[in-house]
Amino acid sequence: MATAAFAAGIAFFVRQRRARAPLYDLHVAARRIFWVAAAAGSIVFGALMGAMFVGQQFLQNVLGYSTLEAGLAILPGVVLMVLTAPNSARLVNARGARFTLLTGYAFCLLGFLAILVLWKEGVAYWRVGLGYAFIGIGVGFAGTPASHSLTGSVPVDRAGMASGTADLQRDLGGAVMQSILGALLTAGYGAAFGTAISNASDPEKRLLTDSIVHQLLKSFAGAADIAQRYPRYAGQITEAAKSAFLSGDQSAYIAGIVAILLGAALVFFLFPGKDEEERLLAQYHSADISRSN
């Protein structure tokens, strides 16, 4: 599957480079403001999706929230994202897209740090809400300049391309970050639970068939199912699963922090400041007018 996807990507790249009227103009996409904004936006939206993906499991598996309660728990992030977006637009006009993107990244970083440090077993909801609130503010600040830079750096006849790239930021960024964080969560959970099994007493180990061990190591849901089948050991199994989950999610959150730091470095070093951004946009506009004539 990966090979097929890679081959399709190469074929698409070659075709778009040669086509007279390409679906996705790679010459325009190579503009610094465009591709840096696209990459930066993907990381920001991916961080949001990744935090929600792992966080929902934490809330339900570790804290015992219902599905509805876990869904409502993210509301601080949603509300603050909506409230921040208008201020983000004003900040773009006043200080430029680079400054606004970095502001958003700073809040996203605070959000992941809060999640890493504060999200433990038995925590009060305000600590959960604080992590989501910081990430919501960060996405609210960073989302506007990412989209603004995409649309502002393309000719009018490529507005659809910019719009499609803005959608791709959310879809691709979310898919990649959820995959990475989910894989690290699963690997960390399995390793931690494997250690717990190794440290179990001999009478307990004799009950663990290969199929039971496989289900325990596979996921928290698998461990919960085993706990229901063996109520005598349900408390021990559940506590071991929670401890293993908390070990795995630390790796996921650290990966989120690393991704945010890399994205911030990309913006800091490669995205132009306000004056340079305005000069480049004027240059792009002039080139587009000359090409259309």
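Okay, here's what the table says:
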quantity: Failed item in (1) modelled with pLDDT of 85 or more; (2) surrounded by fewer than 16 Cβ atoms within 10 Å (Cβ to Cβ); (3) under 30 Å from the mean Cα position of the chain (by Cα); (4) farther than 30 Å from GLY46 by Cα, with GLN236 passing the rest; calculated: (3)
quantity: Test set (1) surrounded by 16 or more Cβ atoms within 10 Å (Cβ to Cβ); (2) over 28 Å from GLY55 (Cβ atoms) - MET177 fails condition number; calculated: (2)
quantity: Among the candidates ALA114, ALA5, ALA89, residue that is free of Cβ contacts under 8 Å to residues at least 60 places away in the same chain and under 19 Å from ILE180 (Cβ atoms); calculated: ALA5
quantity: Candidates ARG127, ARG98, ARG90 - the one that is buried (at least 20 other Cβ atoms within 10 Å of the Cβ) and either at negative phi or of a type outside the set (Asp, Glu) (or both); calculated: ARG98
quantity: ALA85 being in contact with a Leu (Cβ under 7 Å, 6 or more places away or on another chain) and assigned to a helix (DSSP H, G or I); calculated: no
quantity: Hey, PHE269 among the aromatic types (Phe, Trp, Tyr) and either without any contact (Cβ under 8 Å) to a residue 12 or more places away in the chain or in contact with an Asp or Glu (Cβ under 6 Å, 6 or more places away or on another chain) (or both) or not; calculated: yes
quantity: Exclusive hit being part of a helix (DSSP H, G or I), of a type outside the set (A, V, I, L, M) and in contact with a Cys (Cβ under 6 Å, 6 or more places away or on another chain), set GLY138, GLY131; calculated: GLY138
quantity: Matching option when the condition is closer than 20 Å to ILE260 by Cα and modelled with pLDDT under 95, among LEU168, LEU101, LEU118; calculated: LEU168
quantity: Verdict on GLY111 being part of a helix (DSSP H, G or I) and at pLDDT 95 or above; calculated: yes
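The values are calculated or read from the model by the stated rules, or taken from the named source; none is laboratory data. This is a predicted model, so every value here is computed, not measured. Glycine gets a Cβ as well: all are built from the backbone with ideal geometry, and neighbour counts include every protein chain shown.
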